[in-house]
Every structure is written in C-alpha cells, then in structure tokens.
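None of the figures in this text is laboratory data; all of them are computed from the coordinates on show. Just so it is clear, the model here is predicted, and its values are computed rather than measured.
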Amino acid sequence: MANGFSGGCLCGAVRYSCDGDPIMAGHCHCEDCRRSSGSGHSSHLAVPEGAVTMAGATTGYSRAADSGNLVTRHFCPTCGAAVYSTNPAMAGLVFLRASSLDDLEVFKPQMHVFAGRAASWDQPGGGLPSFEKMPPGMN
C-alpha cells in the first residue's frame, strides 16, 4: 500500500490523515466492540500515533477491558460515528475504525481477536488467524 490515507466521521466534523502504513489490522469480537459497532465485530487499523493528524473535536468514552486496561473510544459528538480508540497497554498506537476510512480498501484484515466471543452469526473466517482472546504481547 502506498503511504498515506484519510478518513473521518459521518458528518465530516472530524477528519484525520495518516502518513504511514498500518502496523496491524483486524476484526475484534469482544463484547465492547460488538456493542460499539452495532454488529458482530469491529474492525481496526493500528497506526503509530505520530503518523496521524486529527482535525475536529471528538468525545471519548473510557471503559476497562478484560485486561484491566482502560480503552478509550473516540467518536464525533455531532453524528456519533466512531473514529478511533486508544489503549495504554499499546501506548503510541491509535486504532482507527475501518468504517471511518475514506477508501475502505485501505483496510486489509490480518486476524480475528476475541474469536471465542464471536456471535453464532458472525464466526471468524476468510482464512485469517483467529485468537480466542488477545494474542500475547498485544494487551
């Protein structure tokens, strides 16, 4: 993939650009991701924090993950669209919501995490590695 991509919220009040490639990308089936996406999983691209430039204000909601780490999900206060999340266990990374990308083809999933919690109607597939929980070293 060529370096650089952009995205934002549904109404356009929050925009971002990223001048680097994702470090990892995957589908998360944990309960919080399911609830925040309104579907069976949420898809994220992990990028270095320093590679992302944000414009517009977001509202953050923090909640403890299974690991005990406080995950903060950022969304547009106007339209409610999810934009990114942060996790102190993975300091220096921003987890951009794949649904916020201008070009959805930038997202190239590499794995399923929390596959053990997947809904019966949204089972991991596509030949991607699946992890019951978060892989070691990633939480």
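Couple of notes before you dig in:
- Rounded to the nearest Hz, the phi-derived 3J(HN,Hα) couplings of the stretch 40-52 under the Karplus curve 6.51 cos²θ - 1.76 cosθ + 1.60 (θ = phi - 60°) are x, 7, 10, 10, 10, 10, 8, 10, x, 3, x, 8, 10, where x marks glycine and proline.
- Convex hull volume of the Cα atoms of the stretch 75-139, normalised per residue: 134 Å³.
- Global form of the stretch 41-99, assessed from the alpha-carbon gyration tensor, a/c cut-off 1.5: oblate
- Note on the stretch 67-111: the alpha carbon radius of gyration divided by the globular reference 2.2 N^0.38 Å gives 1.29.
- Each of (1) 22, 17, 15; (2) 24, 17, 15; (3) 39, 22, 11 is a candidate for semi-axes √(5λ) of the Cα gyration tensor in Å; the one calculated from this structure is (1).
- Note that the stretch 5-21 has calculated 3J(HN,Hα) couplings of 7, 9, x, x, 7, 5, 8, x, 6, 10, 10, 9, 9, 10, 9, x, 8 Hz, one per residue in order, obtained from phi through the Karplus relation 6.51 cos²θ - 1.76 cosθ + 1.60 (θ = phi - 60°); glycine and proline are x.
- Gain upon complete extension [Leu70, Ser39; 0.36 nm per residue less C-alpha separation]: 9.0 nm
- Proximity of backbone amide H atoms, modeled 1.01 Å from N, is registered between Ser130 and His112 at under 5 Å, excluding neighbours fewer than 5 places apart on the same chain.
- The phi torsions of the stretch 103-110, fed into the Karplus equation with coefficients 6.51, -1.76 and 1.60 and a -60° offset, translate into couplings of 10, 4, 6, 5, 6, 10, x, 10 Hz, rounded to whole numbers, with Gly and Pro shown as x.
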